[in-house]
Amino acid sequence: MIDREQVLHVARLARLELSDAEVERMSGELTGILGHIEKIGELDLDGVCPTSHVVEVTNKLRADEPRPSWPREKILGAAPAVRDDGFEVPSPQA
Amino acid sequence: MTSFEPVIGLEIHVQLDTATKMFCSCALSFGEPPNTRCCPVCLGLPGALPVVNAKAIEYGLMIGMALESELADRSIFHRKNYFYPDNPKAYQISQYDEPLCRGGRLGDVRIHRVHLEEDAAKLIHVGETGRIHGSDTSIVDFNRCGTPLVEIVTEPDVKSAEQAREWLQLLRETLRQLEVSDVDMSQGSLRCDANISIRPVGETGFGTKTELKNMNSFAFIERGIKAEVIRQTEIVRGGGDVIQETLHFDPRTERITSLRSKEEAHDYRYFPEPDLVPIRIAPEMLDTARAAVPELPAARAARYEAAGVSADNAKDLAFRAELAARFDDALPVADSAQATAALFLNQGELAAEVEPESVATVSNLVGAKALTPGNVRAVLEILAERGGDPADVVASEGLGAIADDGQLEGIVEDALAANADAAEKIRGGNMKAIGAIIGHVMRETKGRADGGEVTRLVRAKLGL
Ligand SMILES: [Zn+2]
């Protein structure tokens, strides 16, 4: 059960402002998601190794060779606001 | 009054000197214009997938080997979630419970772990300019975002600010000689945080620790730790409790200020990075890394000390890899490892232009009193210019020490006669006046007289 306090805590970490109705809804949805995960607990998993990945592949590595970056105009095209060739954002220190 | 001792652990972030970023093929940035070294991967655009830089793994393994760490067979990446504008994905790809290396030691400090991660973007905070009334903004430059980082965490083995500085200097030199980073603290390629607590001397438990962040010079590290130890000691002596928090040391004011509440900031909700498959360290990867690890400063200094070089000189040589390599070539022909080491250190630049064996021979000639210390530089200059056998150069240039006491005795007698005032002063007990006599003898002999021998003769002549 994900209670109201936990929803608010996670929202604070993500800098999200939620209305009371949203907190209520998230509490239900997140509880539902964790419920699915808990179903796994009903299985007999003795002797099954924990896994971090679904495919049996290792070492997908890349040679250390540079390729062109994107042009800055294209990069900054996605910015909500641009200033001094950078992404302008509300100050996190404010 | 109870006395307290500091308990200090260090966390060091090292930017790796690879050609490209950790998870994309953007070239690393060295002061390029903002946002010119970016792509969908390092900007965290939807659908972009990271791919691990093989060189970063190799450098990580080299660092693990240099620190005598246990290298993992298998290692995975985790997402470390935090929301901040220096990080476009809202998580940093880092390592959690399966790091590349665990344990280890460098000098007198044990290593806890070594792991790989990616650097964050640079934020430039700008004050209010009037666009939105009353608001401040930050400008984000993503060039640095995704630069490969190695984080090295020590055990809390450091007992003083001085030890922290000295150990970090050894670590920096080790990383420099590994050639895995340019270790330039002023440019942020080597950054250090310190976890600091105090406890009554004799106790083995730990007090509450604070984290002193991002100190970017050895001097600041030493002063910052000192200031924090004093601050904690005053709190505890005053009956208060140290609060666990993240702190900033301002080197201009020597003041320590709190950065943010640590508890919440550290709720990172790590989970395995689903976009990256595990790393399995293959024997070939270990071979490649091992072949690239040279003899490192700590091992080199120990070897020199065992050969008879003083601890200080051994360390100084080991910190100068190129000079040390020349010293290694000189060592087999050196009569005295210490004297030859000192000669290399005193005449560093000049000695580097002379055949290493010849530097040892020059040192040997001084040891055998065939050459005075005052003429060493002249001999080295000739050897640097045209090479040759040091003994021949000494002979042909007439730079050999005067071996004949009878000859030297005559010169000393002349010097005393020519400097009667000084002779009188010496007789009266003013030994400083002997400088005038020695100066005279050295001029007459072109520096070929042994200073000690001249002093002995002067005293004998004056009946002292
Ligand atoms: Zn990129």
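The values are calculated or read from the model by the stated rules, or taken from the named source; none is laboratory data. None of the values given here were measured: they were computed from a predicted structure. For neighbour counting, all protein chains shown are included, and Cβ atoms are generated from backbone atoms with ideal geometry for every residue, glycine included.
Collect the residues in the stretch A:8-32 that are without any contact (Cβ under 8 Å) to a residue 24 or more places away in the chain, part of a helix (DSSP H, G or I) and within 14 Å of chain B (Cβ to nearest Cβ), keeping them in residue-number order. Across the stretch A:8-32, the qualifying residues are A:LEU8, A:HIS9, A:VAL10, A:ALA11, A:ARG12, A:LEU13.
Checking the stated criteria, B:THR233 turns out not to satisfy the condition of being closer than 29 Å to B:GLU117 by Cβ, of a type in the set (Ser, Thr, Tyr) and either touching a residue at least 40 places away in the same chain (Cβ under 8 Å) or in the same structural domain as B:ARG199 (by TED's automatic domain parsing) (or both).
Checked against the criterion of being over 30 Å from A:SER52 (Cα atoms) and in contact (Cβ under 8 Å) with a residue 24 or more places away in the chain, the candidates B:ARG320, B:ARG290, B:ARG303 yield just one match: B:ARG320.
Taken as a whole, the structure leaves B:VAL41 outside the set of residues that are surrounded by fewer than 23 Cβ atoms within 10 Å (Cβ to Cβ), of a type in the set (A, V, I, L, M) and within 8 Å of another protein chain (Cβ to nearest Cβ).
Residues that are modelled with pLDDT of 95 or more, touching a Ser or Thr at 6+ places or on another chain (Cβ under 7 Å) and closer than 30 Å to B:ILE196 by Cα within the stretch B:1-55 comprise B:PRO6, B:VAL7, B:GLY9, B:LEU10, B:VAL14, B:GLN15, B:LEU16, B:ASP17, listed in sequence order. Evaluate the stretch B:162-177: report whether one residue or more is touching a residue at least 40 places away in the same chain (Cβ under 8 Å) and either part of a loop (DSSP other than H, G, I, E, B) or within 16 Å of the ligand (Cβ to nearest atom) (or both). Looking through the stretch B:162-177, none of the residues is touching a residue at least 40 places away in the same chain (Cβ under 8 Å) and either part of a loop (DSSP other than H, G, I, E, B) or within 16 Å of the ligand (Cβ to nearest atom) (or both). In the stretch A:37-56, of all residues being closer than 30 Å to B:TYR59 by Cα and surrounded by 10 or more Cβ atoms within 10 Å (Cβ to Cβ), the one that is nearest to the other protein chains (Cβ to nearest Cβ) corresponds to A:SER52.
Is it the case that A:ARG72 is within 14 Å of chain B (Cβ to nearest Cβ) and surrounded by 10 or more Cβ atoms within 10 Å (Cβ to Cβ)? The answer is yes for A:ARG72. I'd like the full set of residues that are assigned to a loop (DSSP other than H, G, I, E, B), within 10 Å of the ligand (Cβ to nearest atom) and hydroxyl-bearing (Ser, Thr, Tyr), limited to the stretch B:19-57. Answer for the stretch B:19-57, where residues must be assigned to a loop (DSSP other than H, G, I, E, B), within 10 Å of the ligand (Cβ to nearest atom) and hydroxyl-bearing (Ser, Thr, Tyr): just B:SER25. Confirm whether B:LEU399 is without any contact (Cβ under 8 Å) to a residue 40 or more places away in the chain and either closer than 27 Å to B:ALA449 by Cβ or touching a helix residue (DSSP H, G or I) at 6+ places or on another chain (Cβ under 6 Å) (or both). Spelling it out, it is not the case that B:LEU399 is without any contact (Cβ under 8 Å) to a residue 40 or more places away in the chain and either closer than 27 Å to B:ALA449 by Cβ or touching a helix residue (DSSP H, G or I) at 6+ places or on another chain (Cβ under 6 Å) (or both).
Which ones in the stretch B:304-324 are surrounded by 15 or more Cβ atoms within 10 Å (Cβ to Cβ), part of a helix (DSSP H, G or I) and out of contact with any Gly (no Cβ under 9 Å at 6 or more places or on another chain)? B:TYR304, B:GLU305, B:ASN313, B:ALA314, B:LYS315, B:ASP316, B:LEU317, B:ALA318, B:ALA321, B:ALA324 - these are the residues of the stretch B:304-324 that are surrounded by 15 or more Cβ atoms within 10 Å (Cβ to Cβ), part of a helix (DSSP H, G or I) and out of contact with any Gly (no Cβ under 9 Å at 6 or more places or on another chain).
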